[in-house]
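What follows is a short report on a single structure.
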Amino acid sequence: MMLTGLAGAILLVTPFTPELFRQECLSTNYYGNYNDGQTTNSVFMPDATCLDLWTSHALASSASIVEATQDFQQLVWVQHKVVETSLVAATRSFRNEFDSFLQRLSAPKRVGRQQDVLVVPDNKLGYEILYRTPTAALLSVSQGTARTIDTILPRFWKSALIPATPVRFLPVPDEAVKHVKHVLSTLKFEPEVAAIVESISVPQMINDIRFLTGEDEVSGIVSRHSFADGSRTAARWLKARFEDTGATCELQDFLLGFAPNVVCAYPSTVNTTATVLLSSHYDSRGSFGSTRAPGGDDDGSGTMALLAIARTIARKGIKFHSNVQLVAFAGEEQGLLGSKAYSQKLRDIDANITVMIQADMLAYHVAGEPPQLGLPATIGTTEVTQLVANISAIYSKELQVGFTAACCSDHQSFHEQGFPATQVFERAGPIADPMYHNSGDLSDRAGYDFDQVKSIAKVQFATLLHSAGYEL
Ligand SMILES: *[C@@H]1O[C@H](CO)[C@@H](O)[C@H](O)[C@H]1NC(C)=O
Ligand SMILES: *[C@@H]1O[C@H](CO)[C@@H](O)[C@H](O)[C@H]1NC(C)=O
Ligand SMILES: *[C@@H]1O[C@H](CO)[C@@H](O)[C@H](O)[C@H]1NC(C)=O
Ligand SMILES: [Zn+2]
């Protein structure tokens, strides 16, 4: 593929509203939605005629129009995550953090051995800032820099690659939410479901997470960064463990240099296209300059919950009345790359995903706070979020349910492909885990609460059983 530079490209960055997509020349030049902690912004690359049309539009006053002057190849959105102020105060101010990041972008990179196995096609140094707010920026950089940018980002910042070609804006159609609405309207306590979900084993979860973090030295895993050897060890191990439970699994590569997605499926006992999908991401990120990235909470916790559900499916001999997929994604830390590829693949075959739930960070518990379940305040399908909330009230009464602005894990990729999707998170508020994106993100530490992980896994599992239908 010939790489063409961005010099001369005109970009429009504007707060998201479905209204924008009424303008055809915008909707055909759409490059996705990106968060800055307060606002979801839509990015477009319209041509001159379209821009002329746009400037007379009522929404034009809130938009930024920028032109790229330098010939880098890849646009990247970087964003400060929504984090408890007490955690942010311990680091330097946003501006200082961002400035030191920009210096790293121009200086020759020294990344740790564990993160240095990516094939970098062109690693021209430098960057151009196209758009900037206090908590986010749109940059243009080389392809090599773009794919390794997370290794030099300050730890509370996240990056997302902007695609090379326009994407479709696909709202979740009413038809796709029918099944969830039906499950919600007929939802009632089932003693058998309660007994099944209650039997999730905490001791087994402790063993599993210790393998993934490398706290169990047998695993040899130092980092599950998508480019690290440890992520491939984890992928092979997860595939084998899910297969032990009767699932059929595939390691699906999605991008050169990245560890694969682990995609596992249980068949349906009835002939149906309906598919319920539960997921997590098994890749991780550590601190800048350190090769360790144990990802015990982010997102070893969601991954061990997924495995705990699989182990219980096998132990109880559960057969489903829908197709069921359990998927552990990679490339989440570089901008949801594994889930973007997989959800696109499912859209291409018009898969009938009736419910999708991503579990990302389930374990951390601030001392003195009750166990919680955080649901997405912005990106997600309202009805699926409501179903998860109501199921929590029935099967995990111990959880305090609320909303979080700590936006956007792999469910965003599915939501953007028009699939009904939501997320489960450890806190009804901003990120509070002091080991977030840190080399100290182990499972054996204060605040890491296995009981909370089990309570949230019960909610995911009960949602699966109620939505898919099952027999023993
Ligand atoms: C979900 O739970 C809320 C709170 O208990 C309740 O008011 C609502 O009716 C429930 N939704 C459905 C569709 O059952
Ligand atoms: C399953 O249903 C589809 C659509 O109704 C039908 O075409 C197909 O033959 C069925 N397959 C089996 C194995 O019954
Ligand atoms: C998807 O599955 C649901 C639940 O079984 C079913 O009602 C619906 O008709 C299916 N949709 C398609 C497009 O096959
Ligand atoms: Zn995560």
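Derivation of every value follows stated rules applied to the coordinates shown; laboratory data play no part. Please read these numbers as outputs of a predicted model, since none were measured by experiment. Methodologically, a virtual Cβ is constructed for each residue, glycine included, from the backbone with ideal geometry; neighbour enumeration extends over all protein chains shown.
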Helix 202-213 vs. the chain, principal-axis angle (Cα, 0 to 90°, nearest 10): 30
Just tell me which lysines come within less than 19 Å, Cα to Cα, of K178; anything on the same chain fewer than 8 places away is out. K188
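Go ahead and estimate [θ] at 222 nm for the chain from helices alone: -39,500 (n - 2.57) per DSSP H run with n ≥ 4, summed, over the residue count, rounded to 500.
Values: 14 runs with 153 residues, N = 472.
It comes out at -10000 deg cm²/dmol, rounded to the nearest 500.
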I'd like the FRET efficiency for R22 and T69, computed as 1/(1 + (r/R0)^6) with the beta carbon distance as r and R0 of 45 Å, rounded to 0.05. 0.90
Using the Cα centre as the reference, give the magnitude of the dipole from point charges on the C-beta atoms of the range 174-471 (Lys, Arg: +1; Asp, Glu: -1; all else neutral), rounded to the nearest 20 debye. 420
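Determine, from the Cβ-Cβ distance of L125 and K188 and an R0 of 60 Å, the FRET efficiency 1/(1 + (r/R0)^6), rounded to the nearest 0.05.
On the way: r = 61 Å, r/R0 = 1.01.
My answer for the efficiency is 0.50.
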Of the DSSP beta bridges with both residues in the range 174-471, give the percent that are antiparallel, rounding to the nearest 5. 35
Note, the range 238-249: 3J(HN,Hα) by Karplus (6.51, -1.76, 1.60, θ = phi - 60°), whole Hz, Gly/Pro = x, goes 4, 4, 5, 5, 5, 5, 3, 8, x, 7, 9, 10
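Using only Cα atoms, what Kirkwood radius does the range 319-472 have, in angstroms?
Numbers: mean 1/r = 0.0622 Å⁻¹.
Across the range 319-472, the inverse of the average 1/r is 16.1 Å.
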If you line up the long axis of helix 174-185 against the longest principal axis of the chain, both from Cα atoms, how many degrees apart are they, to the nearest 10? 30
Under a no-solvent Debye model with one identical scatterer per Cα of the chain, what's log10 I(q)/I(0) at q = 0.14 Å⁻¹? -1.40
Which Cα, out of H225, G144, S199, lies furthest along the positive dipole direction of the range 140-229 (beta carbon charges, K/R +1, D/E -1)? G144
For the range 139-150, Karplus couplings with θ = phi - 60° (6.51, -1.76, 1.60), whole Hz, Gly/Pro x: 10, 10, 9, 6, 4, x, 4, 4, 6, 10, 4, 5
Under a 5 Å amide H to amide H cut-off, with H placed in plane at 1.01 Å, what residues pair with V401 once short-range neighbours are removed? L373
Highest mean first, how do 201-210, 425-434, 399-408, 277-286 rank when packing is the count of other Cβ atoms within 10 Å averaged over residues? 277-286, 425-434, 399-408, 201-210
Can you list the residues, at least 5 places off or on another chain, whose amide H is less than 5 Å from the amide H of S439, using H built in the peptide plane? S287
The range 273-282 - phi-based ³J(HN,Hα) in whole Hz, Karplus 6.51/-1.76/1.60, Gly and Pro as x: 8, 4, 9, 9, 10, 10, 8, 8, 10, 9
Skipping prolines and chain starts, which residues have an amide H placed within reach, meaning under 5 Å, of the one on D216, given they are 5 or more residues away or on another chain? F211
Dipole of the chain, positive end: most advanced residue of T312, S396, F461 [Cβ charges, Cα centre]: T312
